[in-house]
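The values are calculated or read from the model by the stated rules, or taken from the named source; none is laboratory data. As the structure is a prediction and not an experimental result, all values here were calculated from the model. Because the Cβ atoms are built from the backbone with ideal geometry, glycine has one as well, and the counts that use them run over all protein chains shown. With ligands, DNA and RNA removed, areas are computed over all heavy atoms of the protein, side chains included. Shrake-Rupley method; radii C 1.70, N 1.55, O 1.52, S 1.80 Å.
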Amino acid sequence: MFLKHLVAAAAVAGSFVFGSAMAQTPPALPSTSFNVVGSIGGLSMYTSREVPFWTVTVPKESGGAIKVQVKPFTELGFKGAEIFRLVSSGTLQFATTVLNYNSGEVPMNEAADLVGLVGSVEELEKVIDAIRPAYAKFLEEKHGIKLLGFGSYQAQVLYCRDAFVTIADLKGRKIRASGASQQAFVTHIGASPLNIAFAEVQPALASGVVDCAITGALSGYKSKWHEAAKFISPMPVNFGVAAQLANLKWWNSLDPKVQAFLQTELNKLEKSIFEQARTETQTGINCNTGTGPCSEGAPANMKLVPVTPADEALRKDALTKAILPSFAKRCGPDCVKTWNDTVGKTVNITLAP
(Lines give C-alpha, C1' and ligand atoms only; values in the text may rest on other atoms or scores of the structure.)
Protein backbone atom coordinates (compact mmCIF):
# COMPACT_ATOMS: atom_id res chain seq x y z
CA MET A 1 0.00 0.00 0.00
CA PHE A 2 2.81 2.40 0.88
CA LEU A 3 4.55 1.66 -2.45
CA LYS A 4 1.30 2.35 -4.27
CA HIS A 5 0.98 5.73 -2.58
CA LEU A 6 4.66 6.47 -3.12
CA VAL A 7 4.23 5.98 -6.87
CA ALA A 8 1.06 8.03 -6.81
CA ALA A 9 2.79 10.82 -4.91
CA ALA A 10 5.64 10.87 -7.40
CA ALA A 11 3.13 11.21 -10.20
CA VAL A 12 1.37 14.03 -8.36
CA ALA A 13 4.64 15.83 -7.73
CA GLY A 14 5.37 15.84 -11.44
CA SER A 15 1.90 16.48 -12.77
CA PHE A 16 0.96 19.93 -11.47
CA VAL A 17 1.02 22.51 -14.25
CA PHE A 18 2.05 25.94 -13.16
CA GLY A 19 0.38 29.05 -14.54
CA SER A 20 2.20 31.62 -16.60
CA ALA A 21 4.65 33.85 -14.79
CA MET A 22 3.36 37.19 -13.64
CA ALA A 23 4.54 40.24 -15.50
CA GLN A 24 6.65 41.75 -12.75
CA THR A 25 8.93 39.94 -10.28
CA PRO A 26 10.44 42.03 -7.49
CA PRO A 27 14.23 41.80 -7.56
CA ALA A 28 14.22 40.90 -3.85
CA LEU A 29 12.57 37.52 -4.45
CA PRO A 30 13.66 35.10 -7.18
CA SER A 31 10.94 33.29 -9.12
CA THR A 32 10.01 30.11 -7.24
CA SER A 33 7.41 27.45 -7.97
CA PHE A 34 6.43 24.46 -5.88
CA ASN A 35 3.59 22.11 -4.95
CA VAL A 36 1.72 21.88 -1.67
CA VAL A 37 -0.39 18.95 -0.46
CA GLY A 38 -3.06 20.45 1.76
CA SER A 39 -5.14 19.09 4.62
CA ILE A 40 -8.65 17.62 4.40
CA GLY A 41 -10.46 19.07 1.39
CA GLY A 42 -13.90 20.48 2.16
CA LEU A 43 -13.07 21.39 5.76
CA SER A 44 -12.50 24.96 6.87
CA MET A 45 -8.78 24.71 7.61
CA TYR A 46 -8.24 23.94 3.93
CA THR A 47 -11.02 25.92 2.23
CA SER A 48 -10.92 29.16 4.23
CA ARG A 49 -7.28 29.24 5.33
CA GLU A 50 -4.89 27.16 3.20
CA VAL A 51 -6.43 27.77 -0.23
CA PRO A 52 -6.55 31.60 -0.01
CA PHE A 53 -3.13 31.61 1.64
CA TRP A 54 -1.40 29.72 -1.18
CA THR A 55 -3.45 31.01 -4.12
CA VAL A 56 -3.96 34.66 -3.12
CA THR A 57 -1.77 35.79 -0.21
CA VAL A 58 1.55 34.24 -1.25
CA PRO A 59 1.41 35.33 -4.91
CA LYS A 60 0.22 38.82 -3.96
CA GLU A 61 2.69 39.46 -1.14
CA SER A 62 5.59 38.10 -3.18
CA GLY A 63 4.69 40.30 -6.13
CA GLY A 64 4.12 37.22 -8.25
CA ALA A 65 7.55 35.76 -7.58
CA ILE A 66 6.23 32.69 -5.76
CA LYS A 67 3.69 30.45 -7.48
CA VAL A 68 2.14 27.48 -5.75
CA GLN A 69 -0.15 24.66 -6.80
CA VAL A 70 -2.15 23.29 -3.85
CA LYS A 71 -4.48 20.31 -3.58
CA PRO A 72 -5.82 18.51 -0.48
CA PHE A 73 -4.49 15.05 0.28
CA THR A 74 -8.05 13.71 0.21
CA GLU A 75 -8.25 14.47 -3.53
CA LEU A 76 -4.91 12.84 -4.27
CA GLY A 77 -5.72 9.31 -3.14
CA PHE A 78 -3.87 9.43 0.17
CA LYS A 79 -5.19 8.06 3.47
CA GLY A 80 -3.27 10.52 5.67
CA ALA A 81 -0.63 8.64 7.62
CA GLU A 82 1.73 8.42 4.66
CA ILE A 83 1.98 12.20 4.17
CA PHE A 84 4.58 12.58 6.94
CA ARG A 85 6.70 9.80 5.41
CA LEU A 86 6.47 11.25 1.91
CA VAL A 87 7.65 14.67 3.08
CA SER A 88 10.50 13.02 4.96
CA SER A 89 11.57 11.05 1.87
CA GLY A 90 11.38 14.12 -0.40
CA THR A 91 8.61 12.70 -2.59
CA LEU A 92 6.49 15.63 -1.45
CA GLN A 93 8.02 19.09 -1.15
CA PHE A 94 5.52 20.62 1.27
CA ALA A 95 2.40 19.38 3.05
CA THR A 96 -0.04 20.15 5.80
CA THR A 97 -0.83 17.03 7.81
CA VAL A 98 -2.63 16.04 11.00
CA LEU A 99 0.21 14.87 13.21
CA ASN A 100 -1.81 12.22 15.03
CA TYR A 101 -2.19 10.34 11.73
CA ASN A 102 1.42 9.23 12.04
CA SER A 103 1.71 9.05 15.83
CA GLY A 104 1.86 5.25 15.81
CA GLU A 105 5.18 5.39 13.96
CA VAL A 106 6.43 8.68 15.43
CA PRO A 107 5.10 9.12 18.99
CA MET A 108 6.59 12.62 19.27
CA ASN A 109 4.00 13.72 16.70
CA GLU A 110 1.24 13.59 19.32
CA ALA A 111 3.22 15.04 22.22
CA ALA A 112 1.17 18.25 22.34
CA ASP A 113 -2.21 16.68 21.56
CA LEU A 114 -2.62 13.69 23.86
CA VAL A 115 -6.20 12.84 24.78
CA GLY A 116 -7.26 14.68 27.93
CA LEU A 117 -4.12 16.81 28.11
CA VAL A 118 -5.75 20.21 27.51
CA GLY A 119 -9.33 21.45 27.45
CA SER A 120 -9.21 24.48 25.15
CA VAL A 121 -7.49 25.89 22.08
CA GLU A 122 -5.83 28.51 24.29
CA GLU A 123 -4.27 25.81 26.47
CA LEU A 124 -3.24 23.90 23.36
CA GLU A 125 -1.38 26.93 21.98
CA LYS A 126 0.63 27.24 25.19
CA VAL A 127 1.66 23.60 25.01
CA ILE A 128 2.61 23.92 21.34
CA ASP A 129 4.72 27.01 21.99
CA ALA A 130 6.52 25.15 24.76
CA ILE A 131 7.53 22.18 22.62
CA ARG A 132 8.04 23.99 19.29
CA PRO A 133 11.88 24.44 19.38
CA ALA A 134 12.56 20.89 20.58
CA TYR A 135 10.08 19.38 18.13
CA ALA A 136 11.55 21.36 15.22
CA LYS A 137 15.02 20.08 16.12
CA PHE A 138 13.71 16.52 16.38
CA LEU A 139 12.10 16.70 12.93
CA GLU A 140 15.24 18.03 11.29
CA GLU A 141 17.65 15.59 12.93
CA LYS A 142 15.54 12.45 12.83
CA HIS A 143 13.27 12.85 9.80
CA GLY A 144 14.78 15.43 7.45
CA ILE A 145 11.74 17.69 7.84
CA LYS A 146 11.51 21.45 8.33
CA LEU A 147 8.73 22.56 10.69
CA LEU A 148 7.17 25.78 9.42
CA GLY A 149 4.04 26.13 11.51
CA PHE A 150 1.17 24.53 13.35
CA GLY A 151 -2.59 24.62 13.15
CA SER A 152 -5.50 22.83 14.76
CA TYR A 153 -9.01 21.73 14.10
CA GLN A 154 -11.66 22.40 16.70
CA ALA A 155 -12.26 20.06 19.66
CA GLN A 156 -12.49 16.40 18.63
CA VAL A 157 -15.79 14.99 19.91
CA LEU A 158 -17.76 11.74 19.88
CA TYR A 159 -20.48 11.02 17.31
CA CYS A 160 -22.58 7.88 17.86
CA ARG A 161 -25.35 6.08 15.99
CA ASP A 162 -27.15 4.92 19.14
CA ALA A 163 -28.10 6.57 22.41
CA PHE A 164 -25.76 6.99 25.38
CA VAL A 165 -25.93 9.02 28.58
CA THR A 166 -22.30 8.92 29.73
CA ILE A 167 -19.03 8.07 28.01
CA ALA A 168 -18.90 4.86 30.07
CA ASP A 169 -21.99 3.69 28.16
CA LEU A 170 -19.80 3.29 25.07
CA LYS A 171 -18.17 0.17 26.48
CA GLY A 172 -18.27 -2.62 23.90
CA ARG A 173 -18.89 -0.32 20.91
CA LYS A 174 -16.69 0.02 17.83
CA ILE A 175 -15.27 3.53 17.67
CA ARG A 176 -13.25 5.16 14.89
CA ALA A 177 -10.16 6.71 16.46
CA SER A 178 -7.27 8.43 14.69
CA GLY A 179 -3.86 8.25 16.31
CA ALA A 180 -2.38 6.18 19.10
CA SER A 181 -3.66 8.46 21.88
CA GLN A 182 -7.30 8.28 20.78
CA GLN A 183 -6.99 4.53 20.35
CA ALA A 184 -5.62 4.18 23.89
CA PHE A 185 -8.54 6.25 25.19
CA VAL A 186 -11.10 4.12 23.39
CA THR A 187 -9.49 0.94 24.71
CA HIS A 188 -9.47 2.36 28.24
CA ILE A 189 -13.24 2.92 28.22
CA GLY A 190 -13.78 -0.68 27.13
CA ALA A 191 -14.57 -0.03 23.48
CA SER A 192 -12.83 -1.26 20.32
CA PRO A 193 -10.79 1.32 18.35
CA LEU A 194 -10.86 1.17 14.55
CA ASN A 195 -8.47 3.13 12.31
CA ILE A 196 -10.50 4.38 9.35
CA ALA A 197 -9.52 7.15 6.93
CA PHE A 198 -11.56 10.32 7.40
CA ALA A 199 -13.25 10.13 3.99
CA GLU A 200 -14.44 6.60 4.73
CA VAL A 201 -16.03 7.29 8.13
CA GLN A 202 -19.44 8.56 7.04
CA PRO A 203 -20.28 5.43 5.03
CA ALA A 204 -18.84 3.29 7.84
CA LEU A 205 -21.26 4.94 10.28
CA ALA A 206 -24.13 4.57 7.85
CA SER A 207 -23.49 0.85 7.33
CA GLY A 208 -22.80 0.09 10.98
CA VAL A 209 -19.16 -0.85 10.44
CA VAL A 210 -18.52 1.53 13.35
CA ASP A 211 -20.90 2.53 16.13
CA CYS A 212 -19.21 5.82 16.97
CA ALA A 213 -16.43 8.02 15.61
CA ILE A 214 -14.25 10.88 16.82
CA THR A 215 -13.59 14.05 14.84
CA GLY A 216 -13.96 17.81 15.03
CA ALA A 217 -17.33 19.22 16.03
CA LEU A 218 -17.62 21.21 12.79
CA SER A 219 -15.63 18.77 10.64
CA GLY A 220 -18.18 16.02 11.24
CA TYR A 221 -21.06 18.34 10.41
CA LYS A 222 -19.51 19.46 7.13
CA SER A 223 -18.88 15.81 6.23
CA LYS A 224 -22.51 14.89 7.02
CA TRP A 225 -21.76 12.47 9.83
CA HIS A 226 -25.09 13.57 11.34
CA GLU A 227 -26.92 11.66 8.62
CA ALA A 228 -25.98 8.39 10.36
CA ALA A 229 -24.87 9.44 13.85
CA LYS A 230 -27.73 10.79 15.94
CA PHE A 231 -26.00 11.48 19.29
CA ILE A 232 -23.05 13.77 20.03
CA SER A 233 -20.99 14.55 23.14
CA PRO A 234 -19.32 17.99 23.30
CA MET A 235 -16.54 16.70 25.60
CA PRO A 236 -13.18 17.58 23.98
CA VAL A 237 -11.27 14.34 23.48
CA ASN A 238 -8.32 16.17 21.94
CA PHE A 239 -7.91 18.75 19.15
CA GLY A 240 -6.43 17.42 15.91
CA VAL A 241 -3.15 19.34 15.70
CA ALA A 242 -1.74 19.78 12.21
CA ALA A 243 1.65 21.03 11.02
CA GLN A 244 3.09 22.75 7.97
CA LEU A 245 6.02 20.57 6.94
CA ALA A 246 8.63 20.83 4.20
CA ASN A 247 11.27 18.37 3.10
CA LEU A 248 14.45 19.72 4.68
CA LYS A 249 16.69 19.13 1.67
CA TRP A 250 14.22 20.88 -0.61
CA TRP A 251 13.76 23.72 1.89
CA ASN A 252 17.52 24.26 2.13
CA SER A 253 17.69 24.53 -1.67
CA LEU A 254 15.45 27.61 -1.63
CA ASP A 255 16.88 31.11 -1.76
CA PRO A 256 17.25 32.50 1.80
CA LYS A 257 15.00 35.43 0.86
CA VAL A 258 12.27 33.01 -0.18
CA GLN A 259 12.71 31.05 3.05
CA ALA A 260 12.38 34.19 5.15
CA PHE A 261 9.32 35.35 3.21
CA LEU A 262 7.55 31.98 3.53
CA GLN A 263 8.32 31.64 7.24
CA THR A 264 6.95 35.12 7.95
CA GLU A 265 3.75 34.45 6.02
CA LEU A 266 3.31 30.97 7.50
CA ASN A 267 3.55 32.46 11.00
CA LYS A 268 0.55 34.61 10.08
CA LEU A 269 -1.28 31.59 8.69
CA GLU A 270 -0.76 29.72 11.97
CA LYS A 271 -2.32 32.55 13.98
CA SER A 272 -5.25 32.67 11.58
CA ILE A 273 -5.91 28.93 11.86
CA PHE A 274 -5.88 29.01 15.66
CA GLU A 275 -8.22 32.02 15.69
CA GLN A 276 -10.63 30.04 13.54
CA ALA A 277 -10.37 26.93 15.74
CA ARG A 278 -11.40 28.90 18.86
CA THR A 279 -14.94 29.44 17.57
CA GLU A 280 -15.56 26.31 15.53
CA THR A 281 -16.26 23.90 18.38
CA GLN A 282 -19.40 25.78 19.40
CA THR A 283 -20.36 26.37 15.77
CA GLY A 284 -20.08 22.65 15.10
CA ILE A 285 -22.22 21.73 18.11
CA ASN A 286 -24.83 24.30 17.04
CA CYS A 287 -24.89 23.01 13.48
CA ASN A 288 -25.14 19.37 14.49
CA THR A 289 -27.86 19.87 17.10
CA GLY A 290 -29.77 23.02 16.14
CA THR A 291 -29.28 24.35 19.68
CA GLY A 292 -27.79 27.62 18.47
CA PRO A 293 -27.08 29.63 15.32
CA CYS A 294 -25.39 27.69 12.50
CA SER A 295 -23.50 29.79 9.97
CA GLU A 296 -22.45 26.78 7.88
CA GLY A 297 -25.79 25.54 6.56
CA ALA A 298 -29.05 23.99 7.67
CA PRO A 299 -28.79 22.67 11.23
CA ALA A 300 -29.06 18.93 11.82
CA ASN A 301 -31.08 17.40 14.65
CA MET A 302 -28.53 15.32 16.55
CA LYS A 303 -29.20 14.93 20.27
CA LEU A 304 -26.66 16.69 22.47
CA VAL A 305 -25.44 14.42 25.28
CA PRO A 306 -24.33 16.74 28.12
CA VAL A 307 -20.91 16.18 29.66
CA THR A 308 -21.27 14.75 33.16
CA PRO A 309 -18.85 14.86 36.12
CA ALA A 310 -18.40 11.11 35.53
CA ASP A 311 -17.27 11.84 31.95
CA GLU A 312 -14.69 14.37 33.14
CA ALA A 313 -13.44 11.91 35.75
CA LEU A 314 -13.20 9.14 33.16
CA ARG A 315 -11.19 11.33 30.80
CA LYS A 316 -8.80 12.28 33.63
CA ASP A 317 -8.52 8.63 34.65
CA ALA A 318 -7.74 7.67 31.07
CA LEU A 319 -5.01 10.32 30.84
CA THR A 320 -3.20 9.21 33.99
CA LYS A 321 -3.69 5.44 33.73
CA ALA A 322 -3.63 4.80 29.97
CA ILE A 323 -2.70 7.73 27.75
CA LEU A 324 0.44 9.00 29.49
CA PRO A 325 1.92 5.57 30.35
CA SER A 326 1.31 4.33 26.81
CA PHE A 327 2.88 7.47 25.33
CA ALA A 328 5.93 7.22 27.60
CA LYS A 329 6.47 3.57 26.67
CA ARG A 330 6.22 4.23 22.92
CA CYS A 331 8.17 7.46 23.07
CA GLY A 332 11.31 6.27 24.87
CA PRO A 333 13.62 7.94 27.45
CA ASP A 334 14.90 10.82 25.26
CA CYS A 335 11.41 11.69 24.09
CA VAL A 336 10.07 11.53 27.66
CA LYS A 337 12.78 13.93 28.83
CA THR A 338 11.91 16.36 26.03
CA TRP A 339 8.22 16.10 26.93
CA ASN A 340 8.85 16.68 30.64
CA ASP A 341 11.04 19.72 29.91
CA THR A 342 8.45 21.33 27.62
CA VAL A 343 4.85 20.11 27.66
CA GLY A 344 5.14 18.61 31.14
CA LYS A 345 6.29 21.87 32.71
CA THR A 346 3.43 23.71 31.03
CA VAL A 347 0.72 21.37 32.33
CA ASN A 348 2.48 20.46 35.62
CA ILE A 349 2.83 16.76 34.81
CA THR A 350 6.01 14.68 34.98
CA LEU A 351 6.23 11.42 33.06
CA ALA A 352 8.23 8.50 34.39
CA PRO A 353 10.68 7.21 31.74
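Remarks
- Under the condition of being open to solvent by less than 40 Å² (accessible area, probe 1.4 Å), outside any loop (DSSP other than H, G, I, E, B) and without any contact (Cβ under 8 Å) to a residue 40 or more places away in the chain, the residues counted in region 274-313 number 1.
To keep it simple, each residue is scored yes or no on (1) within 30 Å of Trp225 (Cα to Cα); (2) modelled with pLDDT under 95.
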{"site": "Phe18", "(1), (2)": "no, yes"}
{"site": "Pro27", "(1), (2)": "no, yes"}
{"site": "Thr32", "(1), (2)": "no, no"}
{"site": "Ser39", "(1), (2)": "yes, no"}
{"site": "Gly42", "(1), (2)": "yes, yes"}
{"site": "Val51", "(1), (2)": "yes, no"}
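- Scan of region 241-273 for residues that are open to solvent by 30 Å² or more (accessible area, probe 1.4 Å), among the aliphatic types (A, V, I, L, M) and in contact (Cβ under 8 Å) with a residue 24 or more places away in the chain, ordered by number: Leu248
- Search result, residues across region 121-148 that are within 15 Å of the chain's Cα centre (by Cα) and either surrounded by fewer than 16 Cβ atoms within 10 Å (Cβ to Cβ) or more than 22 Å from Thr215 (Cβ to Cβ) (or both): Leu147, Leu148
- If only residues of region 107-116 that are crowded, with 24+ Cβ neighbours inside 10 Å and assigned to a loop (DSSP other than H, G, I, E, B) are counted, the one that is nearest to the chain's Cα centre (by Cα) is Asp113.
- Count of region 315-325 residues which are open to solvent by 40 Å² or more (accessible area, probe 1.4 Å) and either in contact (Cβ under 8 Å) with a residue 24 or more places away in the chain or not polar (S, T, N, Q) (or both): 4
- Flag if Thr346 is over 30 Å from Gln93 (Cα atoms) and at pLDDT below 95: no
- Members of region 208-224 that are surrounded by fewer than 24 Cβ atoms within 10 Å (Cβ to Cβ) and not in a loop (DSSP other than H, G, I, E, B): Ser219, Lys222
- So Ser181, is it touching a Lys or Arg at 6+ places or on another chain (Cβ under 8 Å) and among the polar types (S, T, N, Q): no
- Of all residues in region 154-207, those that are in contact with an Asp or Glu (Cβ under 8 Å, 6 or more places away or on another chain), β-branched (Val, Ile, Thr) and open to solvent by 10 Å² or more (accessible area, probe 1.4 Å) total 1.
- Some residue of region 250-264 being within 24 Å of Phe73 (Cα to Cα) and either charged (D, E, K, R) or modelled with pLDDT under 95 (or both): no
- Among (1) surrounded by fewer than 19 Cβ atoms within 10 Å (Cβ to Cβ); (2) not in a loop (DSSP other than H, G, I, E, B) - the single one Pro353 does not satisfy: (2)
- For region 47-85, the set of residues classified as open to solvent by less than 40 Å² (accessible area, probe 1.4 Å), under 26 Å from Gly284 (Cα atoms) and touching a residue at least 40 places away in the same chain (Cβ under 8 Å) consists of Glu50, Phe53, Phe78, Gly80, listed by residue number.
- Options Val115, Val121; residue that is more than 21 Å from Glu50 (Cα to Cα) and not small (Gly, Ala, Ser): Val115
- Top-ranked residue in region 88-101 [being among the polar types (S, T, N, Q) and surrounded by fewer than 24 Cβ atoms within 10 Å (Cβ to Cβ); ranked as nearest to Gln259 (Cα to Cα)]: Gln93
- Qualifying positions in region 323-349 - closer than 14 Å to Glu110 by Cα, of a type in the set (Val, Ile, Thr) and more than 20 Å from the chain's Cα centre (by Cα): Val336, Thr338, Thr342
- Among (1) touching a residue at least 60 places away in the same chain (Cβ under 8 Å); (2) touching a Phe, Trp or Tyr at 6+ places or on another chain (Cβ under 9 Å); (3) not in a helix (DSSP H, G or I) - the single one Val165 does not satisfy: (2)
- Considering only residues in region 176-199 that are out of contact with any strand residue (DSSP E or B) (no Cβ under 9 Å at 6 or more places or on another chain) and at pLDDT below 95, the one that is nearest to Ala300 (Cα to Cα) turns out to be Ala199.
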